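What follows is calculated from the coordinates using simple rules that are stated; it is not laboratory data. What you see is a predicted model; the values in this text were computed from it and never measured. Because the Cβ atoms are built from the backbone with ideal geometry, glycine has one as well, and the counts that use them run over all protein chains shown.
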Amino acid sequence: MRRWLIVGLVLFVYAAACGQKAREWEALGDTRADEGDWLAALTCYQHAFELDSAEFDYGLKYAEALRMTRDYEKAEFYYNRLYNKDRGKIFEQGQFWLAMMQKANGNYSEALRNFKKYSKKVKRESDGYEYRKCVQEIEACTWAINARRDDSEVLIIKVDDPISSPASDLGSWLLEDSTFIFASARKKGDEIPIHLWKSHLDSIYKTPEMMNGEEIQQANIAFSRVDQSVYYCECDVANICAIYRGEWDGNKIRNAQKLQHVNRDGYTSTMPHIALINDKEVLFYASNRPGGEGKLDIWWSELQGGQPQPPANCGAMINSPDNEVTPFYLDNYLYFSSDWHTGYGGFDIFRSAGKHRNFSQPENLGYPFNSVANDLYYSYFPFADRGFFASNRPGSYETNRGMCCNDIYSFQYTDSITEPLEPEYASLDELNKYLPVTLYFHNDEPNPNTRDTTTSLSYEDAYVSYKKLFSKYQSENSRGLTGEEKENAQYDVEDFYQFFVDKGMNDLQLFAGLLLKELQKGRNIELVIRGFASPRAESDYNVNLTKRRTRSLINFLERYENGVFLPYINHTSPDHGSLDFQEIPYGEYEANANVSDKLEDEKESIYSRGARMERKIMIESVVKGTTAPADSVGFSSEIHDFGTIGSRFPVEHTFEVFNFGTDTLFLDTAFASCGCTIPEMKSRVILPGTSAPLRVQFDPSQKKGYQTKTITLIFNEGTLEKQIEIKALIEE
């Protein structure tokens with residue numbers, strides 16, 4: 001007994017000592033945070049948290065420091081742990097910052113749900129920043145989930161050594177003599193000063209040299225388009241920046257002077273850019289001076305003799321309650337970065353058409369310019385057909401702090417810079433990239449309680465009917481639940497309608513327009529449509545149901561824009577185009593085995609997420625009607641041997657399926673010689689010169705000894721059949 005008392009006393013003394021030490025680390029971290037040194041604060045808070053992980057404040061400050069140092073993955077983990085422990089009682093903004101970190105990591109669905117929940121908590125302050133930010137982020141997450149990611153129109157390459165460094169590399173400028181100037185915060189002792197660096201671009205980048213000496217910290221350079229003047233910014237120890245104008249002698253900046261009007265004492269003016277608009281030079285820059293829309297705004301000032309006139313704000317179309325930075329003007333477009341406007345996360349690059357007095361709604365440049373990280377400092381130089389931007393996206397120099405620092409990326413357009421950002425589909429292969437279009441139905445719709453295989457209703461009728469049942473689905477899906485479980489079940493239905501039902505209808509409208517353009521070129525097109533049903537009814541009934549669902553889509557196309565597709569469907573079009581349909585009514589044969597088929601359990605068999613996901617049809621491919629030569633299909637290997645395995649757990653292998661031909665391959669079906677083997681190929685369309693993964697899972701239970709199983713793949717309407725094998729020796 002005495003021994004345990006001694007042990008308890010030792011542990012008590014140790015805990016007290018740790019608590020004292022943790023408070024010391026916390027106090028030191030607070031000091032460093034107040035000084036703006038978040039990297040040092042992070043180390044201090046981490047020590048405090050490791051000494052006493054049960055103390056809520058230590059965990060909170062550690063999470064905040066992770067966010068401030070851009071280690072978003074760890075920050076999300078600790079914000080999530082804090083929120084699950086606290087539920088917003090102590091740290092009221094916990095759910096908001098959890099959502100922000102989820103978005104920063106590309107977890108848009110989770111972020112969307114938390115933004116929606118938090119917006120309801122702060123709705124009483126509908127004019128407040130947090131509510132407005134939540135509303136904006138809800139829109140941004142929705143956009144990011146649905147955004148197409150096509151990098152076919154631009155080639156992006158990270159500018160590696162000797163330009164990129166483990167420190168932050170910022171805005172850059174390319175002169176016509178191939179001089180490349182950029183800003184970089186390269187470490188010097190215990191300081192991290194920002195300087196301008198100069199390199200030369202031939203076939204490679206030359207080793208950069210620091211410009212104008214170490215005594216002056218400079219960044220964000222821009223050159224006049226009419227004379228030898230150059231503009232840049234300098235920042236003081238309080239990180240308040242001012243814009244300067246100097247002369248460029250071909251090697252250095254000379255005779256620099258601080259500009260009047262655009263600089264204001266106590267406020268930052270930074271990131272200058274000079275544009276030529278209506279034969280007048282205009283200075284665009286970012287500033288947090290009074291009179292703006294939020295934090296850093298973009299302002300403009302006309303130059304007379306190189307001297308700026310009183311500036312004006314670019315207005316609420318461009319600027320927001322958050323930050324708009326790094327302006328660049330070219331060919332009637334203002335390019336800039338914002339952490340408010342609808343984007344993937346962090347700062348995204350946008351463009352807005354117009355002049356300095358009047359701009360259009362900003363347009364996100366999309367992927368691959370933008371990412372979940374910060375993307376800034378867009379610039380483009382037509383004489384070199386080359387542009388640059390800075391980003392701390394994955395693939396940049398990373399430290400143990402995650403996405404720490406920006407690197408410079410170079411890009412080249414494959415087409416003209418003035419082409420629209422929305423993709424133009426020039427071929428059937430391009431159109432196939434848009435697929436599948438997936439359309440969802442209410443239970444036993446259209447035309448319930450019948451074994452008919454056709455219907456007079458169109459998919460639009462089914463969609464409108466499904467929309468009217470939204471409240472019913474919410475109440476049924478949450479029936480019997482309370483509190484947060486009930487709220488989550490209701491949000492699940494809301495998300496399903498938004499990202500599946502509504503998205504399907506929107507995709508169908510867009511696809512129909514693109515399909516019409518192809519038919520008007522005289523193309524002969526066949527749509528492959530697969531129908532699915534939940535397992536609530538028997539199989540033969542469900543097969544007929546999926547045929548009705550497919551027919552509703554055909555009815556939609558026949559009635560689209562007063563019957564514009566009818567001549568193609570009837571093969572009477574004067575431009576000789578034709579439209580046919582290949583219907584594959586799976587019924588319940590491919591339904592998820594985990595979905596309930598119990599008639600008495602309507603909540604699970606009708607209103608659950610699983611049941612909702614099964615009731616659909618998919619426009620899966622656009623077929624030209626060409627045959628596939630035998631040598632057009634190849635595999636990474638035609639036989640995979642798992643070797644000796646046990647019988648308790650399934651094993652899997654992924655084959656790569658190659659298209660060596662000149663026409664698109666369309667996978668009709670893939671099946672195995674045994675129910676124990678399941679082939680899965682998510683992409684059924686393989687473009688020429690590309691490949692797609694085929695995942696094969698093998699369940700060895702109920703098997704003994706040496707086993708060989710065959711997987712058969714059928715392509716292009718049965719014109720080509722290929723087989724591969726898996727093997728295994730199963731030990732009991």
Query raised in the report: Dipole size in debye (nearest 20) for the stretch 428-623 around its Cα centre, Lys and Arg Cβ +1, Asp and Glu Cβ -1?
Result: 340
Requested in this report: Please work out how many pairs of lysine residues in the stretch 630-731 are eight or more positions apart (or on different chains) and have Cα atoms closer than 15 angstrom.
Outcome: 4
Query raised in the report: Which shape class applies to the stretch 168-381: rounded if a/c is under 1.5, otherwise prolate when a/b exceeds b/c and oblate if not, where a ≥ b ≥ c are the square roots of the Cα gyration tensor eigenvalues?
Result: rounded
**Report entry** Residue order, fewest to most surrounding Cβ atoms within 10 angstrom, among 612, 225
**Finding:** 225, 612
Query - Derived scalar couplings ³J(HN,Hα) [the stretch 36-50; Karplus, 6.51 cos²θ - 1.76 cosθ + 1.60; whole Hz; x for Gly, Pro] - result: x, 8, 6, 5, 5, 4, 4, 4, 5, 5, 5, 4, 4, 5, 5
Query raised in the report: Share of Cα-Cα pairs in the stretch 201-271 beyond 20 Å, in percent?
Result: 35
Report summary line: If R0 = 35 Å, then residue 701 and residue 488, at their Cβ-Cβ distance, give a FRET efficiency to the nearest 0.05 of 0.50
**Report entry** For the stretch 243-303, the spread of Cα positions along each principal axis, largest first, Å
**Finding:** 38, 30, 16
Report task. Please work out the FRET efficiency for the pair residue 676 and residue 731, using the Cβ-Cβ distance as r and a Förster radius of 22 Å; give the result to the nearest 0.05. Result -> 0.85
Query raised in the report: What full-extension length gain, to one decimal in nm, is calculated for residue 316 and residue 279 as 0.36 nm per residue of separation minus the Cα-Cα distance?
Result: 10.7 nm
Report task. Just add up the charged neighbours of residue 26: K/R +1, D/E -1, any other residue whose Cβ is under 14 Å from the Cβ of residue 26. Result -> -4
Query raised in the report: Which GluC sites (Glu not before Pro) does the stretch 72-146 hold that lie in a coil by DSSP with at most 13 other beta carbons within 10 Å?
Result: 92
Report summary line: Taking a ≥ b ≥ c as the square roots of the eigenvalues of the Cα gyration tensor, with a/c under 1.5 meaning rounded and otherwise prolate when a/b exceeds b/c and oblate if not, the stretch 14-87 is oblate
Report task. Please identify every one of the GluC sites (Glu not before Pro) in the stretch 201-303 that sits in a loop by DSSP and has no more than 15 other beta carbons within 10 Å of its own beta carbon. Result -> 214, 215
Query - Förster radius 35 Å - calculated FRET efficiency between residue 479 and residue 571, Cβ distance, rounded to 0.05 - result: 0.10
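Students often get this wrong, so check it: of 21/123; 123/486; 468/547; 121/433; 120/355, which have C-alpha atoms separated by over 30 Å?
21/123; 121/433; 120/355
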Query raised in the report: Gain in length, residue 464 to residue 649, computed as 0.36 nm per residue apart minus the alpha-carbon separation, to one decimal in nm?
Result: 62.1 nm
Report summary line: So, with points 7 Å from each Cα along the Cβ direction, the residue 121-residue 145 label distance in nm works out to 2.0
Report summary line: Longest principal axis of the chain (C-alpha) makes with the long axis of helix 2-34 (C-alpha) an angle, in degrees to the nearest 10, of 70
Query raised in the report: Taking other Cβ within 10 Å of each residue's Cβ, how do 438, 326 sort, fewest first?
Result: 438, 326
Query raised in the report: Roughly what would the spin-label model give for residue 267 and residue 129, points 7 Å off Cα along C-beta, in nm?
Result: 1.6
**Report entry** Relative contact order (%) - the stretch 630-731, alpha-carbon pairs under 8 angstrom, separation at least six
**Finding:** 36
Query raised in the report: How big is the gap, in Å, between the Cα center of the stretch 448-515 and the Cα center of the stretch 335-399?
Result: 36
Requested in this report: Place a +1 charge on the Cβ of each Lys and Arg in the stretch 630-731 and a -1 charge on the Cβ of each Asp and Glu, then give the dipole magnitude about the Cα centre in debye, rounded to the nearest 20.
Outcome: 400
Requested in this report: Report ³J(HN,Hα) in whole Hz for each residue of the stretch 501-518, in order, from the Karplus equation J = 6.51 cos²θ - 1.76 cosθ + 1.60 where θ = phi - 60°; Gly and Pro get x.
Outcome: 5, 5, 4, x, 5, 5, 4, 5, 4, 5, 4, 4, x, 5, 4, 4, 4, 5
Query - Difference of contour (0.36 nm per residue) and Cα-Cα distance, residue 161 to residue 454 - result: 99.0 nm
Report summary line: Gyration tensor (Cα only) of the stretch 437-484 to equivalent ellipsoid, semi-axes in Å sorted down, yields 27, 13, 9
Requested in this report: Evaluate Rg over Rh across the stretch 462-590, taking Cα atoms for both radii and Kirkwood's formula for Rh.
Outcome: 1.09
Requested in this report: Set Lys and Arg Cβ to +1 and Asp and Glu Cβ to -1, take the dipole of the chain about its Cα centre, and tell me which of 301, 646, 723 lies farthest positive.
Outcome: 646
Query raised in the report: Arranged by the count of other C-beta atoms within 10 angstrom, fewest first, what order do 117, 603, 616 take?
Result: 603, 117, 616
Query raised in the report: Once you list every other residue whose beta carbon is under 15 Å from the beta carbon of residue 279, what net charge do they have if Lys and Arg are +1 and Asp and Glu are -1?
Result: 0
Requested in this report: Evaluate the charge dipole of the chain about its Cα centre and quote only its size in Debye, nearest 20, assuming +1 on the Cβ of each Lys and Arg and -1 on the Cβ of each Asp and Glu.
Outcome: 1560
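Highest mean first, what order results for 39-51, 638-650, 687-699, 308-320 on Cβ atoms within 10 Å? Please list the in-between numbers first.
Working: 39-51: 20.4, 638-650: 12.5, 687-699: 16.4, 308-320: 18.2.
Top to bottom by mean Cβ count within 10 Å: 39-51, 308-320, 687-699, 638-650.
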